[in-house]
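The structure appears below as structure tokens.
We did not get these values from a lab; they are worked out from the coordinates using the rules stated. Given the structure is predicted, the values throughout are model-derived calculations rather than measurements. A quick note on method: Cβ atoms are made from the backbone with ideal geometry, for glycine too, and the neighbour counts reach across all protein chains shown.
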Ligand code: SF4
């Protein structure tokens with residue numbers, strides 16, 4: 001069922017599309033393009049008018065398009081351990097030139113269709129058409145896809161194209177690379193990394209820099225043991241900002257433009273504020289949209305928070321939501337019976353399976369930690385250092401619990417669903433203790449399940465369903481007990 | 001007129017049924033040692049009905065639970081998770097229960113129960129360490145019957161540590177102990193302690209409050225129960241009906257739902 005998309009959501013999609021399209025254009029024009037970690041101070045790159053793309057966002061897209069497994073395996077074949085974060089594996093394989101590609105016959109240059117792919121064919125009444133020979137549903141040929149295989153752009157580029165046949169073959173191989181938006185991210189000329197997200201990031205970017213022999217700008221943010229960010233920490237980061245500016249001046253041959261920098265900071269603040277207000281709409285009962293949508297909107301916060309277009313798009317979405325609340329409309333495709341916080345990154349390759357039991361039980365996600373974790377507002381450069389010091393995995397457990405319990409209370413959740421994500425150890429490691437505190441402090445049941453954000457081999461649907469059903473039954477019992485106590 | 005409800009628990013390694021009269025009296029029960037995806041569920045259902053001399057149509061409500069609960073289309077009136085059912089069953093057998101530890105064929109769950117209702121839970125991750133399967137594998141290498149593990153372990157005189165949580169590594173640890181001529185009974189005792197420490201770790205995450213009840217097939221292994229009591233510092237209650245606990249809970253929920261639907 002195709003959902004009607006509001007103008008705000010459309011604008012948000014365009015902002016992200018433009019980031020990648022602009023980068024492709026810049027690359028074609030011979031300009032420098034970079035790759036950046038999601039919480040690197042984009043304000044610095046904006047001051048140099050640099051086109052920057054975001055591997056985490058790309059990896060999520062690749063995973064959601066179900067090419068995570070083949071790309072993870074490609075990285076493993078390059079020698080990266082399968083315990084490494086799935087985003088890192090996908091990105092490293094991509095940096096090495098590996099691409100998910102459509103299988104074809106080199107003689108005929110025709111795609112080889114995978115008979116298992118595709119959706120069931122439906123007749124005019126919407127009923128599934130059964131094949132009389134096999135007794136199984138027939139496939140809609142329009143939805144069937146070629147097999148996915150691995151290709152290598154450097155191998156393709158090295159191919160000769162002297163004869164017509166060779167030229168055709170080379171072109172076809174280029175074309176066969178899956179034409180998804182994120183899969184067409186140009187290779188980087190420099191990389192920007194801020195390890196406030198996690199330490200895996202450090203090695204990930206160091207590896208790309210070495211692999212591609214390109215400059216790396218690293219901003220090191222240690223794990224913070226205290227809720228407050230101390231002045232010495234601020235000074236440590238400030239000095240690194242200065243060094244990064246110097247490096248960028250060398251790379252680009254341009255002077256740091258203070259005006260542009262200030263504008264980018266103003267944009268980032270405006271985006272953050274609008275983002276927070278959009279997130280606040282989940283406080284309404286029923287919520288005008290599903291928290292899962294926030295995972296998609298996160299792409300804008302990651303790739304474009306320093307651009308005015310992102311701020312404007314969020315402000316537009318805010319208007320849509322205000323209208324929806326007035327009419328009681330919601331984009332959640334089922335009546336909301338329970339409200340939960342979803343903790344962690346979704347299992348992108350299994351998104352439909354993740355959603356199924358939630359939908360079946362009327363469970364809406366009305367809280368995700370991304371809201372406070374990415375809605376950072378600051379006044380000056382020191383404030384900016386402090387803001388970048390606070391990323392989801394760089395804060396101490398007290399701060400982490402406080403963020404989450406704050407949104408759980410404000411967004412009135414009945415329970416918490418925790419993704420123990422095999423990829424993201426820093427995020428999953430402290431969740432057992434957090435879960436214990438949520439139940440103690442908020443009096444709501446919590447359930448955890450195993451999965452992975454990018455590698456589908458780590459998720460089991462039956463186990464997940466049992467845990468969701470258990471959570472729903474516990475929320476039901478909890479609600480009944482609270483109602484009885486109120487009487 | 002009496003109300004008959006049937007609870008069916010289709011686990012990963014066994015299928016169990018309990019028939020209840022008026023949500024109070026157990027009329028009959030059955031257990032077949034194969035679970036989801038086999039003929040087990042159908043055979044267990046046939047058996048429980050036959051021993052009561054009744055038919056499916058005589059049942060006022062049928063509720064399915066367990067890993068294979070959704071495979072009984074057309075037989076069950078409703079499905080619920082085995083989590084709630086185990087909480088319910090345990091509260092029927094032990095009205096004062098606050099913590100239920102269930103060790104099944106391939107999962108371990110610890111439930112928090114308030115006034116007979118499950119309010120929170122934790123389950124093991126995908127790893128089979130500490131589950132019934134772990135004990136099955138160990139019994140096989142030791143060439144003893146799994147039901148004899150409890151009695152044999154009780155005769156141990158010396159502490160032998162089995163430190164690996166991983167089933168595969170623990171298996172090779174056991175094999176090397178055997179190669180060193182270590183007494184099987186000491187090894188078994190070590191295995192029980194290793195299961196207990198793994199399960200205790202999970203139990204501490206939901207918090208342990210008396211009464212603590214243990215259910216599932218492994219609750220019949222007195223060695224594990226004792227080791228777990230030591231690890232937790234709490235007395236553990238078990239019942240001869242432990243293996244039927246999930247099915248019992250399902251039959252009880254079936255009775256509740258029947259009443260609710262017929263009041264309305
Ligand atoms: S924070 Fe987690 S998901 Fe993100 S890069 Fe690090 S390990 Fe991967």
Quiz item: Can you list, largest first and rounded to whole Å, the semi-axes you get for segment A:333-486 by taking the square root of 5 times each eigenvalue of its Cα gyration tensor?
Solution: 27, 20, 14
Quiz item: Zone of residue A:22 (label point 7 Å along Cα→Cβ, backbone N under 20 Å): which residues in segment A:252-278?
Solution: A:252-275
Quiz prompt | More than 16 Å apart - percent of Cα-Cα pairs taken over segment B:224-264 | solution = 58 percent
Self-check item: Paramagnetic label zone (point 7 Å from Cα along Cα-to-C-beta, residue B:256; backbone N under 18 Å) in segment B:120-146
Solution: B:120-122
Quiz item: Once fully extended, how much extra length lies between residue A:437 and residue A:236, figured as 0.36 nm per residue of separation less the alpha-carbon to alpha-carbon distance?
Solution: 69.1 nm
Practice problem: Give me the distance between the Cα centres of segment A:450-487 and segment A:349-401, rounded to whole Å. | Solution: 20 Å
Quiz item: Quick one: if you stick a label point 7 Å off each Cα along the C-beta vector at residue A:213 and residue A:412, how many nm between them?
Solution: 6.2 nm
Practice problem: With a point put 7 Å past each Cα toward its Cβ, work out how far residue A:257 is from residue A:114 in nm, to one decimal. | Solution: 4.5 nm
Exercise. Using only the Cα atoms of segment A:47-103, build the gyration tensor, take square roots of its eigenvalues as a ≥ b ≥ c, and label the shape rounded, prolate or oblate: rounded if a/c is under 1.5, else prolate if a/b is larger than b/c, else oblate.
Key: prolate
Exercise. Divide the volume of the convex hull of the Cα atoms of chain B by its number of residues and quote the answer in cubic angstrom per residue.
Key: 122 Å³
Quiz prompt | Order of A:94, B:159 - criterion: other Cβ atoms within 10 Å of each residue's Cβ, fewest first | solution = B:159, A:94
Self-check item: Likely footprinting exposure, B:142, B:248, fewest C-beta neighbours within 10 Å first
Solution: B:142, B:248
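Return the percentage of antiparallel bridges among DSSP beta bridges fully within chain A, rounded to the nearest 5 %.
35 percent
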Exercise. Fewest Cβ neighbours within 10 Å first, please rank A:397, A:177 accordingly.
Key: A:397, A:177
Exercise. Classify the protein assembly as shown as rounded, prolate or oblate from the Cα gyration tensor: take a ≥ b ≥ c as the square roots of its eigenvalues, call it rounded if a/c is under 1.5, otherwise prolate when a/b beats b/c and oblate if not.
Key: prolate
Quiz item: Remind me, what semi-axes does segment A:257-376 give for its equivalent ellipsoid, largest first in whole Å, using sqrt of 5 times each Cα gyration tensor eigenvalue?
Solution: 29, 16, 10
Quiz item: Does segment B:3-152 classify as rounded, prolate or oblate by the C-alpha gyration tensor (a ≥ b ≥ c root eigenvalues; a/c under 1.5 gives rounded; else a/b over b/c gives prolate, otherwise oblate)?
Solution: oblate
Exercise. Would you mind pulling out the separation of the Cα centroids of segment B:169-232 and segment A:153-228, in Å?
Key: 48 Å
Exercise. Determine the distance separating the Cα centre of segment B:138-158 from the Cα centre of segment A:28-92; give it in Å without decimals.
Key: 53 Å
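Helix-derived [θ] at 222 nm for the protein assembly as shown: sum -39500 (n - 2.57) over DSSP H runs of at least 4, divide by residue count, nearest 500?
Values: 27 runs with 358 residues, N = 751.
Counting only the DSSP helices, I get -15000 deg cm²/dmol.
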Quiz item: Spin-label point model (7 Å from Cα, Cβ direction): what's the residue B:180 to residue A:171 distance in nm?
Solution: 7.1 nm
Quiz item: Which FRET efficiency, nearest 0.05, do residue B:164 and residue B:51 yield, Cβ-Cβ r, R0 30 Å?
Solution: 0.10
